[in-house]
Amino acid sequence: MMKQQRYVCSKCGRRIKYIRTKNKKLIPVDFDPVPFWRNENEKGRIITASGTTMFCDLEGAPNTETGFGYMTHFATCPAAQRARRDAV
Ligand SMILES: [Zn+2]
């Protein structure tokens, strides 16, 4: 049986995984990939499984997506959002 390493966010307990980006940084991302539509004018960012960061839309016409990628967990972590709000 293959052993898969499991990671969970220490703040919110959600399942995450790590992707190594092109500049050798390990980034925590949401475990499940999401479809994205590449768009250089958008602020949304996604990291592909190969570690490339792309600007993109996260919504678009079905079946026209550029591919699937991962949201950084910094952007989606409910605990991190709470911390940001508290800091204001
Ligand atoms: Zn989290």
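Nothing in this text is a laboratory measurement; each read-out follows from the coordinates by a stated rule. Computed from a prediction, not measured in an experiment: that's the story for all the values here. So basically every Cβ, Gly included, is an ideal-geometry build from the backbone, and we count neighbours across all protein chains shown.
Observations
- With contributions of -39500 (n - 2.57) from each DSSP H run of at least four residues, the per-residue ellipticity at 222 nm computed over the chain stands at -4000 deg cm²/dmol.
- Between SER10 and ASP32, the simple label model (points 7 Å from Cα in the Cβ direction) yields a spacing of 2.6 nm.
- For the chain, convex hull of alpha carbons as volume per residue, Å³: 138
- DSSP loop trypsin sites (Lys or Arg not before Pro) with at most 14 other Cβ within 10 Å: longest gap in the chain: 44-88
- Cα-based Lys pair tally, the stretch 7-87, threshold under 21 Å, eight or more apart or on separate chains: 4
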